[in-house]
1. For the chain, max minus min Cα coordinate along each principal axis, in Å, sorted largest first?
2. Charges only on Cβ, +1 for Lys and Arg, -1 for Asp and Glu: so what's the dipole of the range 261-384 about the Cα centre, in debye to the nearest 20?
3. For the chain, which whole percent of the accessible surface, found with a 1.4 angstrom probe, sits on carbon and sulfur atoms?
4. In a shell of Cβ-Cβ distance under 11 Å around Val89, excluding Val89 itself, what net charge do Lys and Arg (+1) and Asp and Glu (-1) give?
5. Once you sort the root eigenvalues of the Cα gyration tensor of the range 121-229 as a ≥ b ≥ c, which label holds: rounded (a/c under 1.5), prolate (a/b larger than b/c) or oblate (the other case)?
6. By Kyte-Doolittle mean hydropathy of at least -1.0 and Cα axial length of at least 20 Å, which whole DSSP H helices of the chain are selected?
7. Averaged per residue, what accessible surface does the range 236-304 expose to a 1.4 Å probe, in Å²?
8. Enter the accessible area per residue of the range 18-123 (Å², integer; probe 1.4 Å; all protein chains in place).
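The values are calculated or read from the model by the stated rules, or taken from the named source; none is laboratory data. These numbers were taken from a predicted model, which means no experiment stands behind them. When we count neighbours, we look across all protein chains shown, and the Cβ atoms used for this are built from the backbone with ideal geometry, even at glycine. Side chains included, ligands, DNA and RNA excluded: accessible areas come from the protein's heavy atoms. Shrake-Rupley method; radii C 1.70, N 1.55, O 1.52, S 1.80 Å.
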Amino acid sequence: MSAERALRTAAPHELLDAVRRVLIEQYAADSVELFMADYGLTVLQPVSVLPHTLEPVSAHSSPAGRAFGAQEPFVEGADGGPLRVHLPVTVRGDRLGVLTVAFAGEEQVADCLAELAQIAEMLGHEVVVAERDTDLYLQARRKDRLTLAAEMQWQLLPGRSCARPEYELGAQLEPAYAIFGDNFDWSATADRFTLYVSNGMGEGIEASLLTNLAVNALRNARRAGIGLADQAALADQAVYAHYRGRCYLSVLMLDFDLASGRAWVVDAGSPQLLRLRDGVVERVHFDAQLPLGMFEETDYVTQEFQAEPGDRLIFVSDGVYSVASPVGETYGDAALARAITATRLLPAAEVPRAILRELAGHRGKNLPDDDALVVCLDWRGRST
């Protein structure tokens, strides 16, 4: 209660100071630090104000990285000596970072680990709200400077992961600090879950502007309560009205019924869907329709798709499956299937980054000539 009260009354940029005071006074902590996951999901960046600075730590091979990856508290140190508790800072499945708390001995932690985890979760919720009013936490997430196009794209995204009893979802874009056209968006209600995976043509600012227009047109139609096919049609009209066919955006749109797993789909372009079911990876094909904005007043129709409990659905942009190796071999379905199989035991939030690491190995030393998007959706279904 003390932590909640302190966080609720703190200024947006002083959340860490507020939780630090509570943990020192109420739990006898020696020190408290907050680390935010960077845009590339490679390091955990310290939230600090100059001249007080800390070094970033690995999001994979450090003790804090273990807590981040496993999404469980990790206690570092033992045998009666000083120890550090690393606590995941996560909001509804969206992994923001890690809160690290140092103590003089084990006796201070034994009975309060669950409370510490709750405080870290509360801190995450307050960080999400505070980002409306301060740049501190967004600045802490970047280990390099974002391009303007990438800044626009990250601000457009709903998050990088989310979880509900019926599904778990994770997504990642690369190159994280220089993306321009690829995008994803989702929204859920009590009964439905809508997912868009899009790939805008062009490069740099122009690609980002196109994606911003199309995604906001889709959101505007969705929030008006319009069906999936008409969402596509209205967004198509908005893009065509502005670009007159010079630029267009490919999108794969799905609207799931959470109770049954039945989905309505509009396939308007290049994003692809692969399904892992009972250990077998296969491409899911839909009837292709025109990308948004290619021609005036295009009509779109929905198709049906059935997700079964235990399905893992992987969505990729053309910047994944068309990437060439140094000898000219495209990544393609076979390599994707191997990567999906190799990552089958990872949680959904970890899968996109793992597949993109495999993709980087396939590409070799060549610089990417297109951005790449991977979205992983684990479908659990609703318990009856």
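1. Sorted largest first, the three principal extents are 67, 50, 41 Å.
2. Details: 13 positive and 19 negative charges, 161 e Å.
Dipole about the Cα centre, nearest 20: 780 debye.
3. Percent of accessible area from carbon and sulfur atoms in the chain: 50.
4. Every neighbour counted, the sum reads -2.
5. Numbers: a/c = 1.82, a/b = 1.09, b/c = 1.67.
It comes out oblate by the Cα gyration axes.
6. Values: long enough: 113-130 (25 Å, 1.11); 204-223 (28 Å, 0.08); 228-243 (22 Å, 0.17).
Sorted by number, the helices that extend far enough and score high enough are 113-130, 204-223, 228-243.
7. On the way: 3220 Å² over 69 residues.
I get 47 Å² per residue for this part.
8. 45
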